[in-house]
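Down below is the structure, laid out as C-alpha cells.
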Amino acid sequence: MNKETNTEPIRASVATLAIALISLLIFTDVIYSIINFFLMKVYFLQGVLPFDTHRYIIFILAMLHIGKSIFQVIFVLKFVMKWIGSSYFIVDSRLVKRDGIMSIVEKTFDLDNIRSITINQGILGKLLHYGDIVIEISAPGVYLDQILLSNLADPKKFEQKIRGHCKFVQ
C-alpha cells in the first residue's frame with residue numbers, strides 16, 4: 001500500500017475536450033451554412049424577404065458570420081476554462097475535487113470511507129483511454145454518497161491510485 005502524498009492533478013481527458021470542441025464547431029457551422037444557403041438563394045434568385053431585408057443580405061451574412069465566430073470563441077473558451085479548472089487530487093488519504101479558476105470550490109472526501117469503485121467506459125472511451133469513475137462512500141452509520149469523476153484520462157490508473165490509499169477496498 002502506497003500512502004505517500006500525490007499532488008499531481010488528474011484532469012478530464014483531452015480527447016473529450018477535443019470531441020466537445022469539434023462537435024460545437026461542426027454544429028454552429030452547419031446552422032450557419034443552412035442560413036447562408038437560404039439567404040444566398042434569395043440573393044441570387046432576387047427573391048423578396050419580409051420588411052425589405054433582401055436589400056441587405058450581404059450585410060446580414062457578414063453580421064451572421066461575425067456573430068457565429070464570436071459565439072464559437074466564447075464557447076471554446078468556456079469549454080477550455082472548465083476543463084482547465086476541473087481537477088482531482090489525492091492528498092493524505094483524501095480525494096480532493098477542485099472546480100473553478102477565479103472562484104474555486106473544493107470538495108474533500110476521506111478515502112478510508114470508500115465502499116466501492118466502479119469504472120464506466122464506452123467503446124469510444126476504451127479506444128481513447130477515458131472513462132468515468134463512480135466511488136461509493138459511506139461514513140460511520142448509514143450515510144451513503146456517490147462521487148462521479150467524469151471523463152477522466154486513464155481511469156484504471158486513477159482507480160489504482162485510489163485503491164492504494166484506501167483502507168477497505170482492495
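Coordinate-derived values only; no laboratory data. No experiment lies behind these values; they were computed from the predicted model shown. Cβ: placed from backbone, ideal geometry, glycine included. Neighbour counts: every protein chain shown.
Over 31 Å between Cα atoms: which of LYS78/LYS156; LYS68/LYS156; LYS68/LYS107 fall into that group? Provide the component values of the computation, followed by the final result.
On the way: LYS78/LYS156 28 Å; LYS68/LYS156 39 Å; LYS68/LYS107 37 Å.
Check vs 31 Å cut-off fails for LYS68/LYS156; LYS68/LYS107.
If we count other beta carbons within 10 Å of each Cβ, what is the order of SER150, SER13, fewest first? List each step's numbers first, then the result.
Numbers: SER150 15, SER13 20.
The fewest-first ordering by Cβ neighbours comes to SER150, SER13.
Cβ-to-Cβ counts within 10 Å put ARG163, ARG55 in ascending order as ARG55, ARG163, the fewest first.
Each part gets one Cα centre, and for segment 25-85 versus segment 114-168 those centres are 42 Å apart.
Only one residue of THR118, LEU45, ILE90 has its Cα farthest out toward the positive end of the dipole of the chain, where Lys and Arg carry +1 and Asp and Glu -1 on Cβ, and that residue is LEU45. With the simple model of a label 7 Å out from the Cα in the direction of the Cβ, ILE74 to ASP52 spans 3.1 nm.
Please state the shape class of the chain: rounded when a/c is under 1.5, otherwise prolate if a/b exceeds b/c and oblate if not, all from the C-alpha gyration tensor. Prolate.
Evaluating 6.51 cos²θ - 1.76 cosθ + 1.60 at θ = phi - 60° for every residue in segment 66-75, the Karplus couplings come out as 5, x, 4, 5, 5, 4, 5, 4, 4, 6 Hz, glycine and proline recorded as x. Near the amide H of ASN151, under 5 Å away, which other amide H atoms are found, from residues 5 or more places off or on another chain, if H is placed in the peptide plane? Result for ASN151 returns GLY131, ASP132, ILE133. Say R0 is 30 Å: what FRET efficiency, to the nearest 0.05, do LEU25 and LYS126 get from their beta-carbon distance? Rounded to the nearest 0.05, the efficiency is 0.75.
Counting other beta carbons within 10 Å of each residue's own, what order do ASP52, ASP110 fall into, fewest first? Walk me through the numbers before you get to the answer.
Numbers: ASP52 8, ASP110 14.
With the fewest neighbours first, ASP52, ASP110 line up as ASP52, ASP110.
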